[in-house]
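Scroll down for the structure; my scribbles are underneath it.
A short reminder: the numbers here are calculations on the coordinates, not readings from a lab. Note that the structure is predicted; figures quoted are calculated from it, not measured. As a convention, Cβ positions derive from the backbone with ideal geometry for all residues, glycine included, and neighbour counts pool all protein chains shown.
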Amino acid sequence: MKFAFTRVTLISILIVFFISNFTAAEIRTFIKEYTYEASELDSKSSCRAIATDQVKRELLEELGTYVESRTVVKDNQLDKDEITTLTAGVVQVTVLDEKWTGKEYWLKAEVKADPDDVAASINKIRDNDQLAHELEEARAEASQAMEEAESLKRQLAQATADRQTQEQYNEAVDHLAASDYFQRGSAFAVAGNYEAADNAYSQAINLQPEYTKAYINRSIIYVQLGRYDKAASDLKTASTLSPAHEDSYYKRVELSKTTREFKIARSQKDRSPDQARVVDPLQRLLDSKREERKRTLLPGMQGKPNPAYTEPSRAAAAERSYSRETGASGPGLVSEKERQGQALRKQRDLRRKQRVEEIRKNRVNKRQEKRQSREKEKETYKDRR
């Protein structure tokens, strides 16, 4: 009798354990279809980029709604729009089927995810302010690129498209696709799939050779992969493209490298404590930058850079431009046509920054409204009691 009772109890425990594990790993599948009608400005690749962006947006919005309703994301301080934005850096959208008729592009895609895992990953991203900010920027840039593409198509309806309109349209679509690859790279990086992240960031850079965020993030990925020579190259490129953020880029890469080497040192038990550090290309670059910072400090002005030294070098770096034709950067390599293109890109970048700032302000306002609403509910509840 005692044996039978123990056996029943053991079976019950196993059943409860199985059910709890099964429910804890609940994988939800979301499938969407999207059909895009091509315009005179579109090619097969541009149609695919736009269709992919739209079906991905719908899938992430549906997943975000489900995550919001089924899980608690860090004290419930996020709205659906924020969850959707951060989810793009967590999950991957898989294309199941696609067809191109020459006039329409049809695409079917899916997302598979465990809402609890997604919520945990979102909380992880929220702890990384830099990554959360970059994902917000990527989504705002994609929205801006889509608006530009729609605007150019409306112009086409009123007049015949010229070569400049076609080039602007192609660049807007390339930026849209580059933003998608950047989000994929972030999702792979969060999952620890660094090879896939490297490939995604590289695709983004191929589409947008001046995509600074992709360079600096790929540099960090190369650090994780131990490819310090490539990490140093991407770090220098990112600093040249965005000299105003040079110091923060070096600090991010240096922190990533220090963390990785500390983990390696802990895992190598037979490592000699006084073993000399191997000076790699990246370390030489970081050491060089550190020495440069020391030289820029004036006597008696600890911590304050010398404007006479730093500003001209930053201004010179800012004037360096990238030539798509030669694949090189430097003064005097850009034609008048390329300068006009750079001016247009600067205007678009400014509008995108304004869009990001607008999105951020709206989210801050929403959070404040939610907080005030909760406080009112608490006061009402206290009054009723």
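Things to note:
- Potential extension, Glu37-Lys108 segment - 0.36 nm per residue separation minus Cα distance: 24.1 nm
- Computed E for Thr380/Tyr66 - FRET, C-beta separation, R0 25 angstrom, nearest 0.05: 0.25
- Ordering of 41-49, 60-68, 213-221, 102-110 by burial proxy (mean other Cβ atoms within 10 Å per residue, highest first): 213-221, 60-68, 41-49, 102-110
- Links that overshoot a 26 Å alpha carbon limit, given the list Lys124/Lys263; Lys124/Lys294; Lys263/Lys294: Lys124/Lys294; Lys263/Lys294
- Square roots of five times the Cα gyration tensor eigenvalues for the stretch 169-269, Å: 26, 16, 9
- Taking 7 Å steps out from each Cα toward its Cβ at Arg260 and Thr29 produces label points 3.7 nm apart.
- In whole angstrom, the stretch 82-185 maps to an equivalent ellipsoid with semi-axes of 32, 18, 9, each derived as √(5λ) from the alpha carbon gyration tensor and ordered largest first.
- A simple spin-label model places pseudo-atoms 7 Å from Cα toward Cβ; at Glu358 and Lys99 they are separated by 3.8 nm.
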